[in-house]
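Input: a single structure, listed below in structure tokens.
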């Protein structure tokens with residue numbers, strides 16, 4: 001496996017390089033940080049629902065949608081990213097996603113501890129210290145390649161993050177800021193100092209070397225950068241950003257005609273927020289759209305789940321049966337989210 005310590009890169013490459021390695025089928029460990037700030041949303045999120053796009057545009061903060069699930073995050077040079085790309089058939093890689101998190105986040109936890117932060121693993125995919133989150137992590141699957149991404153949060157701009165999120169009013173934004181500060185911490189807050197980026201990267205690569213065998217330092221090559229540029233030509237566009245954005249009215253249920261309603265509902269689960277918009281047409285589900293900051297493997301099957309719910313009776317037992325069958329037939333994993341949650345958010 002190649003280890004790329006890159007330190008500061010243009011913000012686009014802080015996402016595109018690991019995508020490129022996965023699409024090329026190349027195992028790699030990247031350690032890098034964006035040279036300028038941006039906002040990144042999860043693969044299953046709706047940009048218009050989650051982000052104040054007027055604010056980000058006014059303040060020249062790019063917004064990017066990754067191929068990894070999870071929630072919206074504000075990213076800048078005070079966060080050092082680690083991005084591990086490994087073949088699912090590599091010896092020691094668990095087939096189960098939850099177990100994959102537990103095994104492959106341990107080197108990150110050990111690195112935090114080495115630099116004075118008593119980090120711990122909290123299922124499904126959190127790294128915490130003193131009860132507060134200190135690393136945002138996520139996983140994805142592209143072809144045969146398993147991806148694990150996360151960060152060493154050295155310091156954090158809580159104010160800008162809260163301003164980038166779409167909220168109903170400023171009072172709510174203040175609550176978001178306060179809650180974020182209370183539940184998300186940093187190297188600086190916990191230890192009073194920030195380790196050198198190279199020291200963190202080299203320590204982490206040494207931990208993964210113990211787990212995986214050879215992890216060899218390398219420089220970027222043209223195959224990687226060319227593939228990254230090719231992906232950016234598609235992904236760094238408004239079409240890609242909004243491709244999971246089928247907007248509906250903000251109210252929970254809007255009557256269109258007798259017996260026809262547009263509904264929008266949300267459910268917070270241990271695995272993340274599920275947001276569903278759909279049409280209830282005389283007791284039959286139509287035009288179902290599912291989004292949120294949860295993780296869903298394989299990711300591209302979420303659209304198929306939406307299609308499977310088309311024409312399903314608008315009742316909990318029927319929805320649950322359809323989703324259960326879909327999970328079994330497609331070998332779906334969604335850590336912290338169970339099939340019954342989709343029935344609950346739609347029909348309860």
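The values are calculated or read from the model by the stated rules, or taken from the named source; none is laboratory data. From a predicted model like this one, the values you see are computed outputs, not experimental measurements. Here the Cβ is made from the backbone with ideal geometry for all residues, glycine too, and neighbour counts use every protein chain on show.
Residue check: residue 187 meets all listed conditions (1) touching a residue at least 24 places away in the same chain (Cβ under 8 Å); (2) loosely packed, with under 12 Cβ neighbours inside 10 Å but one, namely (2).
Here residue 264 fulfils each of the conditions (1) buried (at least 17 other Cβ atoms within 10 Å of the Cβ); (2) closer than 30 Å to residue 143 by Cβ; (3) out of contact with any helix residue (DSSP H, G or I) (no Cβ under 9 Å at 6 or more places or on another chain); (4) at pLDDT below 90 apart from (2).
The set of residues in the stretch 271-308 being within 16 Å of residue 139 (Cα to Cα) and exposed (fewer than 13 other Cβ atoms within 10 Å of the Cβ) consists of 300 alone.
Would you call residue 18 over 29 Å from residue 302 (Cα atoms) and in a helix (DSSP H, G or I)? Answer is no for this residue. Residues of the stretch 103-114 that are within 26 Å of residue 179 (Cα to Cα) and touching a residue at least 12 places away in the same chain (Cβ under 8 Å): 105, 108, 109, 112.
Yes or no, residue by residue, for (1) modelled with pLDDT under 95; (2) crowded, with 16+ Cβ neighbours inside 10 Å; (3) in a helix (DSSP H, G or I):
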residue	(1), (2), (3)
108	no, yes, yes
117	no, yes, no
127	no, yes, no
152	no, yes, no
168	yes, no, no
171	yes, no, yes
182	yes, no, yes
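Looking only at residues of the stretch 214-244 that are touching a strand residue (DSSP E or B) at 6+ places or on another chain (Cβ under 8 Å) and farther than 26 Å from residue 3 by Cα, we find that the one that is modelled with the lowest pLDDT is 244.
Scanning the stretch 338-348 for residues that are more than 27 Å from residue 94 (Cα to Cα) and assigned to a helix (DSSP H, G or I) turns up 343, 344, 345, 346, 347.
Within the stretch 129-136, can one find any residue that is at pLDDT 95 or above, farther than 20 Å from residue 76 by Cα and more than 17 Å from the chain's Cα centre (by Cα)? Within the stretch 129-136, one or more residues are at pLDDT 95 or above, farther than 20 Å from residue 76 by Cα and more than 17 Å from the chain's Cα centre (by Cα).
Taken over the stretch 310-337, the residue count meeting the criterion of being assigned to a loop (DSSP other than H, G, I, E, B), without any contact (Cβ under 8 Å) to a residue 60 or more places away in the chain and closer than 21 Å to residue 272 by Cα is 2. Exactly one residue among 16, 72 is in contact (Cβ under 8 Å) with a residue 12 or more places away in the chain, in the same structural domain as residue 200 (by TED's automatic domain parsing) and crowded, with 23+ Cβ neighbours inside 10 Å, and that residue is 16.
Within the stretch 67-84, track down each residue that is modelled with pLDDT under 95 and touching a helix residue (DSSP H, G or I) at 6+ places or on another chain (Cβ under 7 Å). Walk me through it before giving the result.
Residues of the stretch 67-84 that are modelled with pLDDT under 95, as a first pass: 67-73.
Once the filter is applied, which keeps residues that are modelled with pLDDT under 95 and touching a helix residue (DSSP H, G or I) at 6+ places or on another chain (Cβ under 7 Å), the stretch 67-84 yields 67, 72.
Of all the residues that make up the stretch 187-233, how many are in a loop (DSSP other than H, G, I, E, B) and under 29 Å from residue 155 (Cα atoms)? Counting residues in the stretch 187-233 that are in a loop (DSSP other than H, G, I, E, B) and under 29 Å from residue 155 (Cα atoms) gives 9.
Yes or no: residue 89 under 25 Å from residue 333 (Cα atoms), in the same structural domain as residue 71 (by TED's automatic domain parsing), surrounded by fewer than 19 Cβ atoms within 10 Å (Cβ to Cβ) and in contact with a strand residue (DSSP E or B) (Cβ under 6 Å, 6 or more places away or on another chain)? Against the criterion (under 25 Å from residue 333 (Cα atoms), in the same structural domain as residue 71 (by TED's automatic domain parsing), surrounded by fewer than 19 Cβ atoms within 10 Å (Cβ to Cβ) and in contact with a strand residue (DSSP E or B) (Cβ under 6 Å, 6 or more places away or on another chain)), residue 89 does not qualify. With respect to (1) out of contact with any helix residue (DSSP H, G or I) (no Cβ under 6 Å at 6 or more places or on another chain); (2) at pLDDT below 95; (3) farther than 24 Å from residue 202 by Cα; (4) surrounded by fewer than 21 Cβ atoms within 10 Å (Cβ to Cβ), the lone exception for residue 62 is condition (2). The conditions of being in a strand (DSSP E or B) and at pLDDT 95 or above are met by residue 148.
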